[in-house]
Amino acid sequence: MAKKALVTGITGQDGAYLAELLLQNGYEVYGLARRSSTADVNLTRLQWLGIEGDVRIVDGDLLDLSGLIRTVKDVKPDEVYNLGAQSFVKSSWQQPLLTGQVTALGVTNVLEAVRIERPEARFYQASSSEMYGLIQEPMQSEETPFYPRSPYAVAKLYGHWITINYRESFGLHASSGILFNHESPLRGIEFVTRKVTDAVARIKLGLAKELRLGNIDAKRDWGHSKDYVRAMWMMLQQDVADDYVIATGRTTTVRDMCAIAFKHAGLNMEDHLVIDPELFRPAEVDVLLGNPEKARKKFGWEPKIGLEEMIVEMVEADLKRLARLKAS
Ligand code: NAP
Ligand code: F7E
């Protein structure tokens, strides 16, 4: 019998790559998706990977507990991956309450549905390096104290601890992956890497002249989503549930990441980059650098795709996408 996985956030970047991996591993994949008036576009990422016909989409919302209970009861998943969230840090200052409801309490809704209907299922929570915020150690591990710096990070910290609490209170096989930034050609356009690669492609094709950014001195530990969803799956294959940092162990400024994209396109960054104070955040996370040693030791996870290769892949994908648009 094929294993069944239920994935919240199926329409997002990680949802798409995780669904692809689970299908390759022989799973039946059920994806929770919010009803949308633009249903023709909300499966775009699954379409990009050519798997939209292979994922069974279930209507649902993280805010709707009764729907989640019904879904878990009907699907009877072996594994539940909770990837759904209001995930854009900057928006979390604009919508702090919604972010708390979805990104924090939404986790408890999924855990409740699992506890009530399918306590034997294994559960994955998408925790975040943003929880380290104002970093308390130069390299962050599972032992580093948290200091969240945005409503998003505060909400994720709640999700992290409620996952641990359900593991300790009810014996659920619930694991939390503390994932550092991870990107891909399927990254949302509002996040800085994709904003950069899309702008570079536009400038290259003569569709735009400038790229406006905020704090380019910020440093992030960037990996590839494909590598990171593999870590999610590996976590749930362990006999004992636990929490793991997933990162590359290398940190880079936004400026240097941006330079890789401009260089690949044969453009001079200084001719196009504009710093816009409007794009700075009320409180910044200046630097993140993760130590993935525990995941490497416990289950042999290592990233395969480096930053340069990933940014080049993203620029190429945006060039292709925009050239198609230009021609139509
Ligand atoms: P993403 O592309 O922004 O996807 C977020 C997903 O959540 C979308 O499918 C979205 O659906 C869904 N969602 C939002 N509100 C919902 C609600 N009320 N009910 C049900 N679904 C809802 O995010 P991602 O990059 O794939 O990240 C996946 C998860 O990992 C998120 O929880 C994120 O916070 C976390 N994370 C990401 C990173 C990273 O660097 N990518 C790092 C650490 C942790 P719609 O399409 O309908 O909006
Ligand atoms: O910002 C700076 C910005 O929005 C990265 C989410 O997936 O990873 C992501 O959160 C840095 C910040 O990602 C612009 O100030 C400069 O310092 O790409 P980002 P994020 O905030 O790190 C974590 C791990 C998550 O969990 C989140 O869900 O880049 N920056 N100029 C800019 N950022 C954006 N978006 N746009 C700019 O114009």
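Details
- Qualifying residue in the range 210-232 (condition: more than 16 Å from ligand 2 (Cβ to nearest atom) and surrounded by 15 or more Cβ atoms within 10 Å (Cβ to Cβ)): yes
- Where helices (runs of 4 or more DSSP H) fall entirely within the range 230-328, those with at least 2 residues that are under 28 Å from residue 124 (Cα atoms) are at 293-299, 307-327.
- Among the residues making up the range 106-155, those that are assigned to a strand (DSSP E or B) and within 14 Å of ligand 1 (Cβ to nearest atom) are 123, 124, 125, 126, 127, 128, 140.
- Test result for residue 263, open to solvent by 80 Å² or more (accessible area, probe 1.4 Å) and farther than 16 Å from residue 177 by Cα: yes
- Annotation: of all residues in the range 74-85 being open to solvent by 30 Å² or more (accessible area, probe 1.4 Å) and in contact (Cβ under 8 Å) with a residue 60 or more places away in the chain, the one that is farthest from ligand 2 (Cβ to nearest atom) is 76.
- Residue check, residue 291 polar (S, T, N, Q) and over 19 Å from the mean Cα position of the chain (by Cα): no
- Test: residue 197 is of a type in the set (Val, Ile, Thr) and either more than 12 Å from ligand 2 (Cβ to nearest atom) or crowded, with 20+ Cβ neighbours inside 10 Å (or both): yes
The values are calculated or read from the model by the stated rules, or taken from the named source; none is laboratory data. In this text the structure is predicted, and so the values were computed from the model without any measurement. When we count neighbours, we look across all protein chains shown, and the Cβ atoms used for this are built from the backbone with ideal geometry, even at glycine. Each accessible area value is taken on the protein alone, full model and side chains, heavy atoms only, with ligands, DNA and RNA left out. Shrake-Rupley method; radii C 1.70, N 1.55, O 1.52, S 1.80 Å.
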